[in-house]
Each structure stands twice: as C-alpha cells, then as structure tokens.
Amino acid sequence: MRYFMKKTIALVVTLLLAAFLTFLAFEVIPSDAAVANLSIDATDEEIEALREAMGLNRPLMVRYGSFLLGALTGDFGESTQYRIPVSELLSDRFGVTVSLALLSFVLIVGISVPFGIFAARVKSKAGEGFVAFLTQTMMAVPPFFLGMLITLLFGIVLRWFTPGAYVPAGEDFFGFLGFMIFPAIAVAVPKIGMSVRFLQGSLKEQMGADYVRTARSKGCTNRRVLWRHVLRNALVPVVTFLTMVMAEILAGSIVIEQVFNLSGVGRLLAVSISARDFPVVRAIVLYTTAVVVLLNYGADLICRFMDPRIKEL
Amino acid sequence: MTNEAKLSKDRALLTVKDLSVAFLRYGRGDKTVVKKVSFQLAEGEILGIAGESGSGKSMTALAVMGLLPENAKRTCEAMLFDGMSLCVPATKRTARKAKKQEEALRLGLSGKEMAMIFQEPLTSLNPVQTIGTQMEEPLLLHTSLTAEERKAAVLTALSNAELKNGEQLLSQYPHHLSGGMRQRVMIAMAMINKPRLLICDEPTTALDAVTEREIVSLIRKLAKEQNTAVIFISHDLYVLRDLCDRVMIMKDGKVVEEGETEQVFEHPERTYTKSLMKAAVKGPKETVSAVNGAVSDAEARDGETVLSVENLSVVYKQRAGLFKKPTEKHAVNEVSFAVQKGEIFGIVGESGCGKSTLLKAVSGLLTGYTGEVSLQVSAPCANKEEMWEQSPDGKKKEAGVQMVFQDPYTSLNPAKKVGWILEEPLRLNTTLTKEERLPLVQTILRETELPLDVIDRYVAELSGGQRQRVAITAALITNPELVLLDEPVSALDVTVQAQILELLLRLQKEHGLTYVFVSHDMAVVRKICDRVLVMKDGKVVECGATEDLFLRPQEEYTKKLLGE
C-alpha cells in the first residue's frame with residue numbers, strides 16, 4: 001500500500017513536470033506569440049494590447065496554471081490550420097489510434113505468450129534455429145512493406161477488405177473490426193517477434209534457476225514447474241517490455257496509418273508539424289508523454305504485485 | 001548375479017551399483033564425470049561423501065534424485081530404492097518407455113520418500129512465492145490433506161526445524177529471511193513428508209561457522225528422530241567426521257576410499273585421502289608455517305604501522321516511510337585498529353557483522369564513512385624501482401593498496417583475456433608501454449605458479465583455483481605493500497584452498513607484504529594470521545594475537561565462534 005502511495009505521488013509529480021516542460025517548449029521558448037500574430041509594422045501599443053488580450057503579460061506560473069487547467073479540462077486551444085478546437089480535432093483521431101493500439105496489443109499478447117512458452121520448450125537444434133529464423137524475419141520486415149503486402153494480399157487479391165475504406169466503429173462494429181484487424185496485424189508482427197524472443201530468453205533463464213531444481217526435487221511435474229514456478233518469475237521483465245511496446249503503439253504509428261489511410265494521431269502529428277500547427281503538436285506531445293508515464297506507473301504496480309522483491313523506493 | 005543376491009540380503013534402503021554420469025558435448029565426445037560408483041545405504045544411516053569440486057560428488061547425488069541437467073546421461077547396473085529400480089535398463093528401442101517409467105517413479109518418490117537440500121540457500125527457494133505456499137507444495141503433491149491440515153503440518157515442520165514465529169513466516173517471502181533461515185526452511189520443506197532418504201548437497205558451504213554448526217546439528221537431530229537415512233555431501237572433512245556413520249572419498253568421478261568414519265579418519269589407506277586430510281589441517285599457524293617454511297617475521301620488523309583505522313563508522317540510512325525520519329543502521333561502529341608492516345591481520349565474524357564493509361571503507365571502494373583511515377604505503381619495493389619511477393606521484397598511494405575479492409567466478413571480467421586483466425593495473429598506474437608491460441606480467445605469473453599461456457585465455461576457461469590465482473596476480477602486479485583479502489578462499493574447496501593459502505604465505509614472506517585477511521573460517525584464520533580482530537554487529541569484540549585468542553578467548557562470543 002505504501003508502495004502504491006509513493007508511486008502515485010511520483011506519478012503526479014512526473015506528470016506535472018512533463019506538462020511544465022511542454023509548456024516551456026511551446027509557450028515560453030518560441031518568440032513572442034503576440035508579435036508573431038501581428039504584422040511587421042504593428043505599434044508597441046498594439047502589441048501590448050494583444051499581449052494583454054492573450055494573457056501573455058501574466059507571471060509565468062500563472063500562465064502555467066491556466067495552461068494546466070486547460071489541459072485538464074480538455075481545452076487545448078484552437079488549431080491554427082483547421083480553425084476548430086484541438087480537442088474536437090483530436091477526439092476522432094484518438095478513437096482510431098487507441099482502437100488500433102488495443103487491437104494490436106491483444107494480438108501481441110495473445111500470440112507471443114503461448115508462442116514464447118512453446119519456443120522456450122523447444123529443445124532440438126533445428127527447432128531452435130527455426131524459432132530464431134521466424135522471429136528474426138518478423139522483426140526485420142519494415143512496417144510499411146508489411147502493410148503493403150497485407151493490403152495486396154488481403155485487400156486486392158483475396159478482397160477480404162477494401163483498402164483505404166475505414167469503417168467507423170459506431171456505424172458497423174464488425175465491419176470496423178474486419179478492417180482494423182489488418183493494420184493491427186501490420187503493427188503487431190514485428191512486436192510479436194520481439195516479445196517471443198524476450199519471453200523465450202526470460203523463460204530459459206528462469207528454467208535454469210536453482211529454485212526449479214528445488215521444485216523438481218519436491219516431485220513437481222515439468223508442467224507444474226513451468227506454470228506454478230517459472231512463469232511468474234519469467235513474466236516480470238516481460239511486463240515492463242510489453243508496456244514499452246504498448247506506449248509505442250499508443251503514440252500512433254505514422255507509417256501504418258499512412259499505408260492504410262487511417263486518420264489517427266500519428267498522421268495528424270506529422271501533418272501538424274509540417275504546417276507548424278503548434279496547439280495540435282502541443283496537445284499530442286502532452287498526450288504521448290502522459291501515456292508513457294501512466295503506462296510505466298501501471299507496469300510498476302503490476303511488477304510489484306508479481307515480484308515481492310521489488311523494493312520500496 | 002552373486003552381487004545382486006548379496007545386495008538384497010543386506011536390506012539396504014538405497015543400492016547404487018556402477019553408476020556413471022556423462023555430459024554429452026557436441027562434437028567433442030562425452031565427458032564422464034562419475035565413473036562406476038557403487039555404494040549402499042541402510043535405513044537411518046548417515047553417509048558422507050567428500051572430495052574436491054569436480055570430483056563428481058554432487059553429480060552422484062543428483063543422479064540418485066533424477067535431477068541431472070538435461071545434457072547429462074546416467075547409466076548404471078542397478079539403482080534400487082527400497083527394492084524399486086530408479087534406473088530402468090533400456091536398449092535404444094525401449095529408451096523412451098524406460099525414461100517415462102523412471103520419470104513416473106521419480107515423481108512419486110521425490111518430495112515424499114526422498115528429498116534434497118541444496119548448497120545455495122539464497123536461490124533455492126522460489127523468490128515470488130511465500131514460504132507457506134512453497135512449504136505446503138510437497139503435501140499438496142503427495143498427500144490428500146485438507147488446507148487446515150496442511151497448514152498445521154507446515155507449522156509443525158517449521159518448529160521442528162527450530163524456526164520461531166512460524167505463523168508469521170507463512171506469509172513471508174524468501175528475501176525476508178537470512179541465509180541460515182532459508183536453509184532451515186529448505187530442511188523443514190524436505191522433511192515435511194518424513195522422507196526415508198535425505199540428500200544434502202553441501203548444505204552449509206555458503207553459511208558462516210556458527211550457522212553451519214546449527215544446521216548440521218539440526219540435520220542430525222531430525223534424521224535421528226525420523227530414522228531418515230542421509231547422504232551428506234561436503235568438502236569440509238570436519239563436518240563429515242562429526243556427523244557421519246560412514247564416509248566415501250571421491251576423486252575424478254571415482255570412489256577412492258570408503259569405510260566407517262573413524263576408520264577412514266584414523267587410518268586412511270589411500271595417499272589421496274591422506275593429502276585431503278592434511279590440506280584441512282586445523283592447527284595453529286606455527287605448525288603449518290614450519291611445514292611450508294613460511295615463517296612470519298612480524299616481530300622482527302620495526303613495528304612500522306602500515307594502516308591505522310580510528311573510530312571508523314559506516315552508517316546506512318534506511319527510510320521506513322516517505323515522511324518518517326530515516327533510521328540509521330551501523331554496519332561498522334567505531335572500529336579502531338592498526339596493522340603493522342609485514343603482518344597478516346585477520347578480521348573474523350559471522351556474515352553480516354560488517355567485516356566486508358570495513359574492508360571496503362579501508363580500500364576506498366566505499367566513501368561516506370566517518371573516522372580516520374590512514375595508510376602509510378608510499379615506499380616502492382626495491383626490486384621494481386624502475387616501474388615506480390615512471391609512475392606519476394599521485395597514483396602511488398592507490399596502487400600501494402590492492403584488493404582480492406571472495407568470488408573469483410564473478411569478480412573478474414569474463415569478456416577480457418587474462419593478459420588484459422593483469423595488465424590493467426599497470427595501464428592505470430604506470431606509464432609503461434605495452435611491450436614493457438608484458439614481461440612484468442610473465443614474471444609475476446611465474447611467481448604465482450600459473451602457466452604463461454593463461455595470458456591468451458578467458459577467465460571462463462580457468463578453474464576456481466586458477467581464477468583466484470589470477471585475481472591475486474592482478475592485485476600483486478603493482479607491488480602493493482598492503483593487500484586486502486576479502487574471503488579469498490571461501491569459494492574454493494579444501495585442497496585448492498590450501499594451495500592458495502600457501503601461495504599467499506610465500507608471496508607475503510618473499511615480498512614483505514602486509515595482508516588484511518577477512519574470513520569467516522576460523523581454521524583458515526588460525527592457519528595464516530598473526531593477529532585477529534573479532535567483529536560482531538559492526539563492533540569489535542576482541543582483538544589479539546592469534547594463538548592467544550584461539551587458546552584463551554576472553555569474550556563469550558569468541559568462544560561461540562570457536563565452537564566451544
């Protein structure tokens with residue numbers, strides 16, 4: 001419980017700090033927004049008036065406070081490119097990215113955990129070689145190429161989905177799943193390769209541990225040794241690893257979104273950066289850092305639950 | 001056939017006949033580590049197996065339990081446990097079926113009729129399961145007791161193993177317990193189903209002297225109470241002599257000698273047994289010194305102080321909670337002592353008494369202590385003056401103190417060749433070129449009796465004794481005056497231990513070195529130290545000349561440590 005409290009306090013502090021750095025990067029370090037908004041021959045009075053109106057003449061911490069309040073209530077200002085509130089712009093995109101991330105995460109966990117356990121039990125040289133070859137290939141294929149292959153095979157040859165025709169989940173949930181599963185596979189495949197390798201290594205290491213010998217001396221079958229003793233030990237580092245994977249795919253996959261013509265966060269970020277649409281970039285940066293910090297917080301709590309040796313900070 | 005008839009007549013609990021264990025190695029042929037070992041064990045009998053590391057004693061035990069690593073293969077003419085054959089003879093065709101049969105029998109017997117305790121109490125328990133969960137597993141697997149009955153049985157087993165607060169232990173995890181307590185838990189767990197055979201594989205090697213004695217007497221007590229036969233493997237001959245009815249001496253996978261304990265100890269027949277006993281001599285320094293010809297001449301020196309430590313304290317702060325005041329733990333508490341030039345100064349105590357922390361503070365590896373540590377080690381040794389002339393002044397003091405660590409397996413960089421490791425101190429402390437460094441390395445290797453070709457080998461290719469020689473060589477190459485030795489022989493078996501101690505004594509005499517020697521092994525300390533400091537809970541208990549202290553200990557704690 002104390003661990004939970006400490007981690008939660010640390011979480012809040014980290015989030016505030018991350019928000020402050022974002023605030024500094026977008027509000028303070030760039031040149032005066034009032035000057036940038038007016039034409040070059042604006043008088044000092046005009047600039048001063050606009051600064052007053054934009055709230056730029058308030059003390060730094062007060063500005064940070066109102067920035068934070070805005071972020072918490074979902075008010076990120078207005079997109080300079082689309083002239084609509086950033087929150088409105090983002091809400092649709094989030095749906096796409098989050099559902100893509102969740103779907104691929106289910107695929108990653110659902111496939112790599114059983115496959116990793118299987119891979120760890122493979123004993124023959126040939127079998128080990130095959131697993132290594134397979135996972136290596138999965139990791140090595142570039143995502144855009146994989147996306148194109150999937151589009152070609154399932155979209156054009158087999159006609160299992162219509163390339164580029166995204167179906168919103170609200171309209172037709174199964175149609176949505178039928179479409180989204182393909183980009184999700186494209187996102188998941190390299191990560192599955194990595195997770196299998198990681199889990200296999202972790203399991204193999206644990207199977208050689210002394211406590212396994214003890215368990216066998218008590219009369220445990222191999223199956224019981226694996227499920228009751230080894231798995232929980234082996235999964236601790238894997239949880240941290242999967243968290244990193246989840247954070248990465250939640251931040252949006254620019255390439256996959258582009259290939260499958262999905263309007264997700266990744267694509268929006270790419271477009272907004274090139275259009276210098278700072279309010280949008282700022283909101284996405286905040287979102288991404290929050291995702292990473294929150295997921296790490298979750299991973300810490302899960303690991304602590306799984307491994308009692310993890311010390312109090 | 002006559003043999004088998006004889007075996008069955010003896011009503012032995014365990015009969016092993018011509019057991020061999022081989023490791024399968026790809027492309028290099030098999031390596032046989034146990035060669036045609038035969039022995040018998042009666043109900044309630046305690047058999048000791050002694051031998052150096054690599055003599056095959058652990059593999060013999062693991063083969064009986066069916067716990068050999070996967071790349072090891074066992075073959076035997078007969079292995080009978082209470083009339084049941086643990087090792088089913090098989091041809092190539094029936095191998096699969098035989099293996100299945102063996103496995104089924106093993107699953108039924110392990111944890112019920114036969115149990116095992118291992119050497120490493122720190123890692124032998126599952127770190128993520130509570131003691132209670134692990135303790136009840138043998139009951140869960142082999143009995144049909146209800147949850148309450150299991151809990152009661154676990155509590156009884158814990159109290160039989162002299163563990164207090166059993167109720168509290170149930171919900172604790174292994175990392176909450178000390179090494180000695182974990183080994184007690186292992187014993188309690190092994191004995192919970194009242195097995196008829198208990199195999200102990202060096203159960204006390206990782207423990208300090210006091211805990212070792214307690215664990216040995218616990219095993220003896222439990223074995224007697226439940227009429228359990230015990231196979232006790234150890235490289236410590238004194239423990240075996242104390243505990244066992246019969247002993248078996250192994251070397252290179254073969255049985256060298258076997259017989260009643262007193263018989264073997266009083267009248268060893270084989271020269272190997274004799275040398276093993278001699279290596280484990282538990283005598284005062286003078287007798288051994290006379291044998292080795294390494295007489296300490298600390299008295300003959302002018303009493304120049306090399307190291308003096310005054311009121312040294314090391315405090316670790318522990319925070320109990322975020323808003324609570326940190327509590328202080330004194331790892332070392334107001335310790336003062338002085339070491340004279342040319343002396344071997346021993347520091348002894350149980351694990352956790354702060355002796356290693358003290359050594360770290362002296363060596364400068366640990367900062368943040370309070371008190372004075374002053375080193376007078378600046379004068380270079382005469383025989384390699386040229387080396388020192390080239391060294392920048394500021395480095396002299398650091399190079400004048402070197403340290404050798406306990407575990408030669410992990411304290412040397414596995415990714416580097418031995419030559420690189422040995423040259424490193426020279427690279428850091430001198431301006432010698434590569435060409436100049438090599439002859440120095442070769443010279444010192446000859447002194448530490450290592451073959452010159454180790455230069456091009458990796459640490460992994462060396463034995464434990466050779467590794468510790470490398471560590472000592474690396475410490476001595478800069479000609480330090482003061483060498484700090486942190487349990488340098490604890491991880492080695494007796495014969496290698498004796499060789500390393502002999503080497504240390506010889507080097508000390510030849511170069512006029514000063515040693516600070518930390519150990520928990522009283523026999524080793526008595527063998528080589530001139531003066532001894534006894535520590536407990538970070539404080540000095542007693543300090544004096546070795547023989548005085550061993551013959552007339554003043555403090556209760558010292559007496560306990562000496563086993564009186």
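The values are calculated or read from the model by the stated rules, or taken from the named source; none is laboratory data. A quick note: this is a predicted structure, and the numbers were derived from the prediction, not measured. Backbone-built Cβ (ideal geometry, glycine too); neighbour counts: all protein chains shown. Please note that ligands, DNA and RNA were not included when accessible areas were found on the heavy atoms of the full protein model with its side chains. Shrake-Rupley method; radii C 1.70, N 1.55, O 1.52, S 1.80 Å.
Test A:PHE198 against the criterion of being in contact with a Gly (Cβ under 8 Å, 6 or more places away or on another chain), modelled with pLDDT of 90 or more and open to solvent by 60 Å² or more (accessible area, probe 1.4 Å), and give yes or no. Here the answer is yes, as A:PHE198 does meet what is asked. The single condition from (1) over 18 Å from the mean Cα position of the chain (by Cα); (2) of a type outside the set (D, E, K, R); (3) under 29 Å from A:CYS220 (Cα atoms); (4) not in a loop (DSSP other than H, G, I, E, B) that B:ILE249 fails is (3).
Does A:LEU15 satisfy the condition of being crowded, with 16+ Cβ neighbours inside 10 Å and either more than 30 Å from A:ILE185 (Cβ to Cβ) or not polar (S, T, N, Q) (or both)? In short, yes.
To keep it simple, each residue is scored yes or no on (1) touching a residue at least 40 places away in the same chain (Cβ under 8 Å); (2) surrounded by 19 or more Cβ atoms within 10 Å (Cβ to Cβ).
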{"site": "B:HIS511", "(1), (2)": "yes, no"}
{"site": "B:VAL516", "(1), (2)": "yes, yes"}
{"site": "B:SER519", "(1), (2)": "yes, yes"}
{"site": "B:ALA523", "(1), (2)": "yes, no"}
{"site": "B:ARG526", "(1), (2)": "yes, yes"}
{"site": "B:VAL534", "(1), (2)": "yes, yes"}
{"site": "B:GLY544", "(1), (2)": "no, no"}
{"site": "B:THR558", "(1), (2)": "no, yes"}
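Those helices (runs of 4 or more DSSP H) of the range A:110-209 in which 1 or more residues are farther than 29 Å from A:SER263 by Cα and of a type in the set (Lys, Arg) occupy A:125-140, A:173-207. Scanning the range B:95-109 for residues that are open to solvent by less than 50 Å² (accessible area, probe 1.4 Å), away from every other protein chain (no Cβ under 13 Å) and among the charged types (D, E, K, R) returns a single hit, B:GLU102. Given the criterion in a helix (DSSP H, G or I), open to solvent by 50 Å² or more (accessible area, probe 1.4 Å) and either at pLDDT below 85 or within 14 Å of another protein chain (Cβ to nearest Cβ) (or both), identify the matching residue among A:ARG276, A:ARG267, A:ARG304. After ruling out the rest, the residue left standing is A:ARG304. Would the range A:157-164 turn up any residue that is open to solvent by less than 80 Å² (accessible area, probe 1.4 Å) and under 24 Å from the mean Cα position of the chain (by Cα)? Yes, the range A:157-164 has at least one match. When A:VAL236, A:VAL230 are screened for being closer than 30 Å to B:GLY111 by Cα, open to solvent by less than 10 Å² (accessible area, probe 1.4 Å) and in contact (Cβ under 8 Å) with a residue 24 or more places away in the chain, only A:VAL230 passes.
May I ask you to verify whether A:GLU248 is away from chain B (no Cβ under 14 Å), surrounded by 21 or more Cβ atoms within 10 Å (Cβ to Cβ) and assigned to a helix (DSSP H, G or I)? Spelling it out, it is not the case that A:GLU248 is away from chain B (no Cβ under 14 Å), surrounded by 21 or more Cβ atoms within 10 Å (Cβ to Cβ) and assigned to a helix (DSSP H, G or I). The set of residues in the range B:158-176 that are open to solvent by 10 Å² or more (accessible area, probe 1.4 Å) and more than 12 Å from chain A (Cβ to nearest Cβ) comprises B:SER159, B:ASN160, B:GLU162, B:LEU163, B:LYS164, B:ASN165, B:GLY166, B:GLU167, B:GLN168, B:LEU170.
What residue, among those in the range B:116-131 that are of a type outside the set (A, V, I, L, M), in contact with a helix residue (DSSP H, G or I) (Cβ under 6 Å, 6 or more places away or on another chain) and open to solvent by less than 10 Å² (accessible area, probe 1.4 Å), is farthest from the other protein chains (Cβ to nearest Cβ)? Per the stated criteria, the residue is B:PRO121. You will find that of B:VAL230, B:VAL185, B:VAL210, the residue that is more than 14 Å from chain A (Cβ to nearest Cβ), surrounded by 22 or more Cβ atoms within 10 Å (Cβ to Cβ) and closer than 20 Å to B:GLN119 by Cβ is B:VAL230 and no other. Restricting the search to the range B:478-491, which residues are more than 23 Å from B:GLU436 (Cβ to Cβ), touching a residue at least 60 places away in the same chain (Cβ under 8 Å) and assigned to a loop (DSSP other than H, G, I, E, B)? Matches in the range B:478-491: B:GLU487, B:PRO488, B:SER490, B:ALA491.
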